[in-house]
1. Return the carbon/sulfur percentage of the accessible area of segment A:306-449, one whole number, probe 1.4 Å, all protein chains in place.
2. Over the Cα atoms, compute the radius of gyration (one decimal) and Dmax (the largest Cα-Cα distance, rounded to a whole number) for chain A, in Å.
3. In chain B, what % of DSSP beta bridges are antiparallel (nearest 5)?
4. Could you work out the equivalent-ellipsoid semi-axes for segment B:379-434, taking the square root of 5 times each eigenvalue of the Cα gyration tensor, largest first, in whole Å?
5. Magnitude of the Cβ-charge dipole of segment A:267-372, K/R +1 and D/E -1, about the Cα centre, nearest 20 debye?
6. Based only on the alpha carbon positions, what is the Kirkwood hydrodynamic radius of segment B:54-194, in angstrom?
7. I need the helices of chain B that pass two filters: whole DSSP H segments spanning 24 Å or more by Cα along the axis, and mean Kyte-Doolittle score no lower than -0.5.
8. I'd like the distance separating the alpha-carbon centroids of segment A:173-247 and segment A:126-168, in whole Å.
Number of protein chains: 2
Amino acid sequence: MKKIYLNPSEMPTQWFNLLSVIPQLAPPISPMTGKPATPEEMLALFPGPILEQEMSNQEFFDIPEEVLDILTIWRPTPVVRAERLEKALGTDCKIYFKNEGVSPAGSHKTNTAVAQAYYNKICGIKKLTTETGAGQWGSALSYATSLFDMALRVYIVKVSYFQKPYRKSFMNMFGAEVIPSPSDMTNAGRAELKRDPESNGSLGLAISEAVEEAAMNKDINYALGSVLNHVLLHQSIIGLEAKKQMEIGGDYPDMVFASCGGGSNFGGIASAFIKDKIEGKKVDCVAVEPLSCPTLTKGEFTFDYGDVAKMTPIMQMYTLGHDFMPPAIHAGGLRYHGDSPIVSKMYNEGIIDARSVGQLDVFKYGVMFAKTEGIVPAPESAHAIAGACNEALECDKRGEKKSLLFCLSGHGFFDMASYDAYFEGKLEDYEYPEEAIAQSLKGVPEVKF
Amino acid sequence: MKKIYLNPSEMPTQWFNLLSVIPQLAPPISPMTGKPATPEEMLALFPGPILEQEMSNQEFFDIPEEVLDILTIWRPTPVVRAERLEKALGTDCKIYFKNEGVSPAGSHKTNTAVAQAYYNKICGIKKLTTETGAGQWGSALSYATSLFDMALRVYIVKVSYFQKPYRKSFMNMFGAEVIPSPSDMTNAGRAELKRDPESNGSLGLAISEAVEEAAMNKDINYALGSVLNHVLLHQSIIGLEAKKQMEIGGDYPDMVFASCGGGSNFGGIASAFIKDKIEGKKVDCVAVEPLSCPTLTKGEFTFDYGDVAKMTPIMQMYTLGHDFMPPAIHAGGLRYHGDSPIVSKMYNEGIIDARSVGQLDVFKYGVMFAKTEGIVPAPESAHAIAGACNEALECDKRGEKKSLLFCLSGHGFFDMASYDAYFEGKLEDYEYPEEAIAQSLKGVPEVKF
């Protein structure tokens, strides 16, 4: 069977919590006190139920009825056997993909956006703030808040605001206010504008602006689209569905690939399979990251800030240093100096694997995928495609016939300019110099608790 | 059930030919001789099997295996009960939609693009030419020709080339050459550039350029994305699937709505239901067109050219006159002076109904649909949404509870600029003055044969 659907009635009704099966994480450290962050500090930004999910080792959480009902607008998402891609590669491996690009906002981000909006809504929060770089997260949260009649302000990195005008249009359509960052609405923004009135902004600064607004207002909370434990929890539905679908298709993946920036897409599809692995089943989960932002493959497992302005909790994770400035590759969603503490822990413990790929492979296989499977992938998602395709070709050399599953985290209809750059020969593989990484890693804080 | 899927194994394997159930059409007239066009004249542009489909009254045509195999990449497409839209409207009617936006190129156009590329390929044709205005058709044919390793040149109206850069990117990704029209590659283009070096072009001129190149080269054929009988034949799969899906859902539509420009989307979904209607079943099929380009509702049923430059066959159809210049509404796919001869004949015979809607309703209901059903519709498709929503509200006033089905012909991810214009208050309802229509209708040719 080429396409494997589940009925809405077969959709998982519980999220699976990776924290229940992996070694315990170090606690998040308050940037103010240098000690483990207290629930009170976190409650200024997040509602109670989200904090509970963030901290709990409970194995399953029931998905609320209201959230389930919304998820069925586009879920379950299909698993597709990529037979035409296999043929184009000439591989003897089987390649499957889980298509999260069918969601209203076009990526897996919508799964957690709906859950986060819901929990904030039932806790009486009227407005959320967030930041967005590539625009996928801002789009997803705009859609989700519109469903719950909540206000949303999205601080978008100024350079993206002008480079991706249609992302802004999408967010506006769903009622979100989209503010180019740095803005004059926050202390952080005003300080940057004073320093450089022409500043293009950065994701780190946009985070600072969104966090500041939420921290200063009782009725306003902040929402983050990746990295944190509760985000990975909400994304576990991807892996739970995919495992069921592979069973229906009469197969089980030898390897699971997903692109990895903050880690929610990877953690989402890997979740169900990592549980199997820990219980003794043979399956390899591979996080695929850009050669130019090699957090897992070249970073250090240590404590670091989540943002440039040092406003977020300090977390134990793989990091390139919070001052790390990745080059402007065309996969904005993967340009993050750090990584999910859960994903980092799993990599550090040898539970998962990680690989990096260069942009030229990413776009080569992205275009091959579009031509064979008929879906233009987001450049972020094309990292997973490249990871799976490279592995298939290596398997062929070794005479192995594996089943490979990857997560197509989103479509690329808003990213056509990056494909233009590829076809115009403007892209190159950029490997971040080890000395520069060593230099930015000098900035990580010393933590004792 | 909210979403009604068919398995690929349940996909129709034959196309249904409306010509087999409706009164006979007048023949197309040669613009050179003023007499019915000969097969030889048509063969300069189209391959034999396409011409056969264009002329035949045969009820069903087998879909070739190779075409079926490609169609299953995205087909069968889902039928969805739009419960959230119903709730937002507060209607007692049931509203269903058939989602053709899931195709690789984002619209129903892909259905006929694949078939046309296939038939040209097996007839030894190496290259196709076509024109595109809004970009949906050029995108679909680019995808289809890439599957068959054929070359494609798309003449795109110059103003669209610059206004919709990502449409060009999409076509380039699939290997098509995209030429702003007027170009210096054809006599028609050079003549226009001589007349006005700064010319923005028009769809009529782009057609003339594409037809000229195909007519002058034995190995090159021309492909058209709507209007003609074989295009409606290939689109019949929409209606055949939808009818099966409504049966599975335990319902039958009282009314079927589709937007209507050249008529292929409307003819496609209506086909199976029109057969039922002719056989005595009660079902109303409604073509929805823009108030600003009211071909069926305000045009005349007569013989007219398909293009401004009078190079195409003269066909009996509803027309506003080939010199009609519709205003630059944000639904480029519906700005055509004429209409499918099949759709025109059905309207003239009272088999179908037609209504026009203004832009403000179109965008109002388009946004409502995006917010409730999670899919940003193409402005063209939003005409069908508006048609169905207006009918639902009218039914409520009359105390009727109808089942309404509409075709969502495509997604609007490449049309965000038009939504911006709507939210910025730049759009208005424009009703084309009757005197101006009467004036442009004076230009239709006199035909005697």
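1. Carbon and sulfur together cover 49 percent of it.
2. Gyration radius and largest Cα-Cα distance of chain A: 20.3, 61 Å.
3. On the way: 18 of 51 bridges.
DSSP beta bridges in chain B are roughly 35 percent antiparallel.
4. Numbers: eigenvalues 133, 54, 23 Å².
The three semi-axes for segment B:379-434 are 26, 16, 11 Å.
5. 340
6. It is 17.2 Å.
7. Sorted by number, the helices that extend far enough and score high enough are B:229-248, B:379-398.
8. 8
The values are calculated or read from the model by the stated rules, or taken from the named source; none is laboratory data. Predicted model, so just to flag it, every value in this text is computed and none were measured. Heads up, the Cβs are rebuilt from the backbone with ideal geometry, glycines too, and the neighbour counts pull from every protein chain shown. In case anyone asks, the SASA skips ligands and DNA or RNA and just uses the protein heavy atoms, side chains included. Shrake-Rupley method; radii C 1.70, N 1.55, O 1.52, S 1.80 Å.
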